[in-house]
Amino acid sequence: MSGAGHSSPTILRVNGVAREVASPPERLLLDVLRGELRLTGTKRGCGIGVCGTCTVLVDGVPRLACRLPLGEIGEREVLTIEGLAGHDGTLHPIQQAFIDAGAIQCGFCTPAMVLRAKALLDRRPDPSREEIRRALGPVLCRCTGYHQIVAAVERAAHVLVRGKT
Ligand code: FES
Ligand code: FES
């Protein structure tokens, strides 16, 4: 939704870069990401806070971009799926695990699932299957039946833990 009265640009920290955005503070982050910054990896499903496909991480915490006004973000760091792969294009181990486990079908839920998995594994490197299910629960997937997605996160956890030791 557009607003008026705020003409000065806002700095939005996204994927490690401070971006100047012209959108007013009341504009929803999802619209800023997709409409202004062309970061279309963040998906618009329901647009009303139900499906979870618009999930991004804000200071490492999953947030629904379709419910979050730009002005509430302030100095915090936004991570979208575009910020996960290495600069040379190497996929993040979680992304690779989703491919290896066959956890991607249409792919619409995948960015949100991957980011929720990242938030979980960053704080719980060796989660139980139940913890994984709970962490991913807010994101709806119409295709996979969730089994392969949970398996992908387990696989990513093993890779990441092994990589650290
Ligand atoms: S698009 Fe945000 S929860 Fe569905
Ligand atoms: S892979 Fe299609 S919605 Fe999850």
- [ ] Specify the longest stretch of the chain that does not include any exposed loop site, a site being one of the GluC sites (Glu not before Pro) with a non-H, G, I, E, B DSSP assignment and at most 16 other Cβ atoms within 10 Å.
- [x] 76-165
Open item on the list: Using the Karplus curve 6.51 cos²θ - 1.76 cosθ + 1.60 with θ = phi - 60°, what ³J(HN,Hα) values do you get for each residue of region 27-34, in whole Hz, with x for Gly and Pro?
Closed with: 5, 6, 4, 4, 6, 5, 4, 7
Open item on the list: Taking θ = phi - 60°, what integer Hz values does the Karplus form 6.51 cos²θ - 1.76 cosθ + 1.60 yield along region 118-133, in sequence order, with x for Gly and Pro?
Closed with: 4, 4, 5, 5, 5, 9, 9, x, 10, x, 6, 4, 5, 5, 5, 4
Open item on the list: How are the alpha carbon pair distances in region 93-164 distributed across 10 Å bins from zero to the largest one, expressed in percent?
Closed with: 23, 61, 16, 0
- [ ] Would you mind pulling out the separation of the Cα centroids of region 75-95 and region 149-164, in Å?
- [x] 17 Å
TODO: Go ahead and estimate [θ] at 222 nm for the chain from helices alone: -39,500 (n - 2.57) per DSSP H run with n ≥ 4, summed, over the residue count, rounded to 500.
DONE: -9000 deg cm²/dmol
- [ ] Along Cα→Cβ, 7 Å out, is where each label goes; now give me the distance between the ones at E77 and R133 in nm to one decimal.
- [x] 3.3 nm
TODO: Give the long-range amide H neighbours of R13: residues separated by 5 or more places, or on another chain, with amide H under 5 Å away, using H modelled in the peptide plane at 1.01 Å from N.
DONE: R19, V78
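Report Rg(Cα)/(2.2 N^0.38 Å) for region 10-83, keeping two decimals. Mind dumping the intermediate values first?
Values: Rg = 10.7 Å, N = 74, 2.2 N^0.38 = 11.3 Å.
Against the compact-globule rule of thumb, the ratio is 0.95.
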Open item on the list: With every atom except the alpha carbons ignored, what do you get for Rg and Dmax of the chain, in angstroms?
Closed with: 16.1, 53
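What FRET efficiency would be calculated for the residue pair R142, T90, taking the C-beta separation as r and a Förster radius of 35 Å, to the nearest 0.05?
E(calc), rounded to 0.05, equals 0.75.
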Task: Burial order of peptide ranges 55-63, 140-148 (average beta-carbon count within 10 Å, highest first) - done: 55-63, 140-148
Task: Protection-proxy order for peptides 155-162, 44-51, each taking the mean of Cβ atoms within 10 Å per residue, highest first - done: 155-162, 44-51
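Any read-out appearing in this document is the output of simple, stated calculations on the displayed coordinates, not a laboratory observation. As the structure is a prediction and not an experimental result, all values here were calculated from the model. Cβ: placed from backbone, ideal geometry, glycine included. Neighbour counts: every protein chain shown.
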